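What follows is one structure encoded as structure tokens, with my remarks underneath.
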Amino acid sequence: VKAEIDRIVTFPVDAEKPEVRELTNQRQVMQLAVHGDIPERALKELAYTIKDELTAFASFVDVSGVRNYEISIEVSNADLQSYGLGVLDVATAIRRASLDLPGGVIETAGEEVLIRTQGQNYVGRDFEEIVLLTTPDGTLIRVGDVATVRDGFEEADLLTRFDGRPSALVQVYRSSDERVLDVVAAIKAHLENQIRPSLPEGAEVSIWQDESKLLKSRYQLLIKNGVAGLILVILSLALFLNGRLAFWVSVGIFISFLGAFGVMYLMGVSINLISLFAFILALGIVVDDAIVIGEGIHFESEAGRSPLEASIQGAARLGTPVIFAVLTTIAAFSPLLFVPGAVGKFMRNVPIIVIAVLVFSLVESLFILPAHLSHGRRAAKEGWFSRRLGQVQGRLSAFIDWMVNGPLDRALRFTTHHWGVIIAGAVAMMILSVGLVAGGLLRFTFFPAIEGENVIARIELPQGTSAKETALLAADIEAAGERVAARLQATLPDDHPSLVKHIFTIVGDFPSLEGGPSAGGGPGLIQSHIAEINMELLEAESRDISAKRFEQAWREEVGVIPAARSLQFQSAIFQVGKPIQAEVSGPNEQQVEEVRDRMKEALSLYAGVYNVEDDLIPGKREIKLQLKPGARALGLTVDDLARQVRASYYGAEALRVQRGRE
């Protein structure tokens, strides 16, 4: 692609050089918000200092939400005219007086000496001393005499505020071989021990987005489910079979999971949200075959066989159905291995882990479990606990025998003798199930609405709206969100933590659309007519109010903003397209606009319909200039007109220099 673009020679003369780069998927770990009532330059340099320190703990750290440095030289028309100069003349003089240029080599008998003309300027006061012209009496007219030199920032329509104060974001990424939890732990420790104690007065550093929280919650969920499941399995087996069998069946869970870890290492699968979900899914499947084999061995043992004989007969008698049960489950998960595209890359972890756990569980159930149970022997003396457990097991066994020989036996006899009724009932259930889907009673969604911990509002105004006007509306929306938070907070107990942890507002970009609701990425194309307000709520397990309820209350509080082209609210983690989208086409733009307006008006009348918007966006107003017929007789060309107007309104870029890191 770069080679093809480099062949294009028809770009305008002053166009920026095209940049061609590959977009890579960087794994963000966390974001730090550097904020405070300090000068913008100090805030930016503080963010870069923190970035340099954090590079010791992560592979890549970036700073966003800040403007680029710029030295602007502002000249009044009166001063230019008094000296017979133009903006382009000033730019040319600055360009010629600020450069470093190699001058060749002097070759001597003993060495080579390089020649370099050195006169590059780097700070504003150096540019003030550049001579623009010399008067006949020898007076030197310098840049500082006719211009105001400002060593500051570019005029970008970018405004970032964190908790109501100016901010910059420090984004931390990791490579594929770095562990998320380790990186986050190291950064948090460094933040508490080194960064915060050394901050200047008025500056703060807060953790804005911590991507490890979700991973840690899934990890803790797996541990909690694993422990709870293990306890239930041991308790159930101990009540219905015996404690020794329950113990070895539980050990099989660990063996299966350990085997799956080995397969993950060989297949290049890491511990992530998807793989943890797969383990949680497999946890409920893995014990089935072990219980079946264990119960078969227990049955043979109760029939009077020796432990060795019971293990062999029990495993052999039930081995075939268990093998086919595992194979059918593997067959059900196998198609997920062949899902193409990005979705397939996400989903392949699930079948790899589930299949690995099932295979190791099958091996453990058919070979390892019978081997352990074959060495059993009856205890010589039973204690109080064993006697009590035996009594409970006896009552449960009698209850199960009554169920099997009573209600279950009668139900089975009825179904086998009245098989027509059973088949008709099954067909009726199938028809009812299909009718639920076809009638729309059972909804279909590609991705379920999963609530996150961030509620986001995005506003888009007509193109050409100034950043100042956009910032005012964004402030109103933010204030409405704070009122909603205060109102909902009042409904909670007095000791309930604050519902809203942090508020991040940015004018000029939609960072959450680049990387999800939790993103805060660096701005790409800054646009003065857009803004985003991101409210981070308390963790879901610590608050009694859902993010969806907060979103709805915030939307109602803001109401309708007539000046806005679009106003969107989002609380779900994923947003896969619009629920309803229609395309309008016609022979001319006017007809399309008329149909569009009628459709939007009609749709907005339905209760529950909001965010009705269109992508037929009118551009900014434009003034077009052309030379008059007599201009060429005066020696003026289109190039002269274009450059003079550009220099007067846009400015003339004299040069670019490398100063520090930028």
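By average Cβ neighbour count within 10 Å, what is the ranking of 105-111, 460-466 from highest down?
Highest-to-lowest ranking by the protection proxy: 460-466, 105-111.
I need to check one value: relative contact order of the chain, counting alpha carbon pairs closer than 8 Å and at least 6 residues apart, in percent.
Taking the mean separation of contacting Cα pairs over the length of the chain, I get 15 percent.
Any chance you could give the angle, 0 to 90 degrees and rounded to 10, that helix 87-97 forms with the longest Cα principal axis of the chain?
Around 80 degrees separate the two axes.
How about region 194-251: which GluC sites (Glu not before Pro) there are in a DSSP loop, with at most 13 other Cβ atoms within 10 Å of their Cβ?
Qualifying residues, ordered by number: 201.
If you keep only loop residues by DSSP, which GluC sites (Glu not before Pro) in region 1-83 have at most 11 other Cβ atoms within 10 Å of their Cβ?
16, 19, 22
What is the angle, in °, between the Cα long axis of helix 589-603 and the longest principal axis of the Cα atoms in the chain? Nearest 10 is fine, range 0 to 90.
40 degrees
If you count only protein heavy atoms and use a 1.4 Å probe, how large is the accessible surface of residue 306, to the nearest 10 Å²?
Near enough 60 Å² of accessible area.
Spin-label point model (7 Å from Cα, Cβ direction): what's the residue 270 to residue 421 distance in nm?
Going by the 7 Å Cα→Cβ label model, 6.0 nm.
Which lysines have a Cα lying under 24 Å from the Cα of residue 501, excluding residues fewer than 8 positions away in the same chain?
The qualifying lysines are 44, 51, 188, 213, 216, 548.
Give a quick list of trypsin sites (Lys or Arg not before Pro) in region 1-91 that DSSP marks as loop, anything other than H, G, I, E or B, with at most 14 other Cβ atoms within 10 Å.
For trypsin sites (Lys or Arg not before Pro) across region 1-91 that sit outside H, G, I, E and B with at most 14 neighbouring Cβ atoms in 10 Å, the list reads 7, 21.
Skip the ligands, DNA and RNA, and give the accessible area per residue of the chain with a 1.4 Å probe, whole Å².
62 Å²
Computed from these coordinates, which is mean projected area of the Cα convex hull in nm²: [x] 53.5; [y] 27.7; [z] 36.1?
[x]
What percentage of the solvent-accessible surface of region 148-276, computed with a 1.4 Å probe over protein heavy atoms, is contributed by carbon and sulfur atoms?
61 percent
Could you give the length gained by full extension between residue 15 and residue 620, i.e. 0.36 nm per residue of separation minus their alpha carbon distance, to one decimal place?
Roughly 215.8 nm would be gained on extension.
Take 430, 347, 30 and sort them by solvent-accessible surface of the protein heavy atoms, 1.4 Å probe, largest at the top.
430, 347, 30
How far is helix 40-54 tilted off the main Cα axis of the chain, in degrees rounded to 10, range 0 to 90?
On a 0 to 90 degree scale, this one is about 40.
Which FRET efficiency value, to the nearest 0.05, is calculated for residue 637 and residue 69 with the Förster distance at 30 angstrom and r the Cβ-Cβ distance?
Efficiency, rounded to the nearest 0.05: 0.30.
Using a 1.4 Å probe over the heavy atoms of the protein chains, calculate the carbon and sulfur portion of the accessible area of region 1-80 as a whole percent.
Exposed carbon and sulfur together represent 50 percent of the surface.
Any chance you could run the full-extension gain for residue 592 through residue 496? It's 0.36 nm times the residue separation minus the Cα-Cα distance, nm to one decimal.
Extra length available between residue 592 and residue 496 comes to 29.3 nm.
Ordering 423, 297 by accessible area with a probe of 1.4 Å, largest first, what comes out?
Result, largest first: 423, 297.
Rounded to the nearest 500, what is the chain's calculated 222 nm mean residue ellipticity when only DSSP H runs of at least 4 contribute -39500 (n - 2.57) each, over all residues?
-15000 deg cm²/dmol
Given a Förster distance of 22 angstrom, what is the FRET efficiency for residue 236 paired with residue 305, based on the Cβ-Cβ distance and rounded to 0.05?
0.40
The values are calculated or read from the model by the stated rules, or taken from the named source; none is laboratory data. The structure presented is a predicted model; accordingly, all values stated were derived computationally and were not measured. Heads up, the Cβs are rebuilt from the backbone with ideal geometry, glycines too, and the neighbour counts pull from every protein chain shown. These accessible areas exclude ligands, DNA and RNA; they are computed on the full protein's heavy atoms, side chains included. Shrake-Rupley method; radii C 1.70, N 1.55, O 1.52, S 1.80 Å.
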